[in-house]
1. Which helices of the chain meet both criteria: a Cα extent of 27 Å or more along the helical axis and a mean Kyte-Doolittle score no lower than 1.6, with helices taken as whole DSSP H segments?
2. Find how many whole Å separate the alpha carbon centroid of region 426-459 from the alpha carbon centroid of region 347-379.
3. Can you compute log10 of I(q)/I(0) for region 368-473 with the Debye formula, treating each Cα as one identical point scatterer, at q = 0.11, 0.20 Å⁻¹?
4. I want to make sure I understand the PRE zone here: with the label point 7 angstrom from the Cα of ARG336 toward its beta carbon, which residues in region 375-391 have backbone N atoms less than 13 Å away?
5. I'd like the distance between the alpha-carbon centres of region 55-93 and region 210-273, rounded to an integer number of Å.
6. Given N residues in region 1-137, what is its alpha carbon radius of gyration divided by 2.2 N^0.38 Å?
7. When the expected Rg is taken as 2.2 N^0.38 Å, what fraction or multiple of it is the alpha-carbon Rg of the chain?
8. Could you give the length gained by full extension between VAL410 and THR271, i.e. 0.36 nm per residue of separation minus their alpha carbon distance, to one decimal place?
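The values are calculated or read from the model by the stated rules, or taken from the named source; none is laboratory data. Not measured: the values here are computed from a predicted model. Positions of Cβ are generated from backbone atoms using ideal geometry, with glycine treated the same way; all protein chains shown enter the neighbour counts. Please note that ligands, DNA and RNA were not included when accessible areas were found on the heavy atoms of the full protein model with its side chains. Shrake-Rupley method; radii C 1.70, N 1.55, O 1.52, S 1.80 Å.
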Amino acid sequence: MREHAVVVAGAGPTGLMLAGELALAGVDVAIVERRPDQKLAGTRAGGLSARTLEVLDQRGIVDRFLAEGQIAQVTGFAVTRLDISDFPTRHNYGLALRQKHIERILAGWVGELAVPIYRNLEVTGFAQDDTGVTIELSDGSQLRAGYLVGCDGGRSLVRKAAGIAFEGWDPTTSNVLAEVEMEEEPPLGIHRTALGIYAFGREEYEIHDGKIVFAKEGPIGVMVPEKNAGATTEPTLGDLKEALIAAFGTDYGLHRVNWISRFTDMSRQATAYRKGRVLLAGDAAHVHSPVGGQGLNTGVQDAVNLGWKLAQVVKGTSPEALLDTYHAERHPVAARVLRTTMAQVALQRTDDRTEVLRDIVTELLGMEEPRKRIAAEMSGLGIHYDLGDGHPLLGRRMPDLDLVTSDGPVRVFTLLQDARPVFLNLGAPGSIGLPRWSDRIRLVDAGYAGAWELPALGAVSAPAALLIRPDGYVAWVGDGTEDGLQEAVNSWFGPSG
């Protein structure tokens, strides 16, 4: 039986990111994936948020995505665009890039880290005991692992087999997505009608001055609403024709479907992200409408929160209880995402009362404070883990400052590229030291003379020292003393020696 420290079920964006994080930490991780390669049929997620770009920057791979995507102010709430160009981050924008490209780039990175992927296979069951998990695969073989992480989507077999409830709300809306061939070109773009929201587009496009300009040729991508949110049969070419004629009086000569699928606004979340040696991340832990574009981004950030914690537990430097902080931190984030997506779905209804409500919400989001607060949330830059009272930086993302060190200038995110924690001393060199943890924590004496500013919160007082977790969140803030430092180090990175 083949053995690994961790087995990840699913090579989507969440599974790939988690495998990369574990490999960076020196953990023996493998992925089980049902697809023969990384090709992806159909349209899934369409972009990366500002915080996800920061996370990729923390690992030194963001340029790979920026080279292929298109920078745009894609943050928004329902139909209201939210400009984040004044936010204090190097990535004060979203990146338009289809999921198939995101996955391909992540798979390339994971390949460089020599992570094995068992392809054409699925996890069909497992049994966990005190020392690990025995995993059954679809070809009748088995794997043995210390931990199993289900990154296997909304219908997650891992979640179901673990007996973890998936609670929430049934769908109220349903949409058919398809790539089709048409004789006539339909009006490209988004169309709000009395029957719902319809959209036409092409695979290739460019963004100019915030507007999408589609290619002149190629198949047409179509999105049409369905009358019945609970349809159980697969949508057909006939269903598409009928929906288009009802809305536009023509089907534009629709004669071929290359692929077809549907999505709904079903909103569900796993009641627990961990059961013993089995954990969940990404869509296996939470599903919701794609409006707002937070699904893929939330999953990738789940992976970055879990990866370093799981690595420390596997290596024995931290007790298993550290894994409980994964649920404690990430479950509330996704619960909030479910609420914001449900609100956005409600605002997309086409009746007169919703139109009025949408006008008022748009008016509110045009004001400075509401715009900053909601934009920080939608972009992932406003995430705040509850690590207790203290400095505003505590539990929030560490800004990517330009530091001055004895070895020359360095960016904070560059210090995080090997996914190790960083202790940043901004006072007199050597004034605070962590010699007992120097094998685990990177110690950096540095200077920074600029302003400290956080998205939505604004200016904050300059700290004397910071303890930064591998996921880029601040675990301790010093005011010139070492109060609470040893407790924070013990808690997050294990007791010394």
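1. Taking the DSSP H segments of the chain (at least 27 Å long, mean hydropathy at least 1.6), we get none.
2. Between the Cα centre of region 347-379 and that of region 426-459, the gap is 38 Å.
3. Once normalised to I(0) and log-transformed, intensities are -0.37, -1.14.
4. 375-387
5. 27 Å
6. My calculation over the Cα atoms of region 1-137 gives 1.21.
7. For the chain, the normalised Cα radius of gyration comes out at 1.01.
8. Working: separation 139, 0.36 × 139 = 50.04 nm, distance 4.15 nm.
Stretched fully, the VAL410-THR271 segment lengthens by 45.9 nm.
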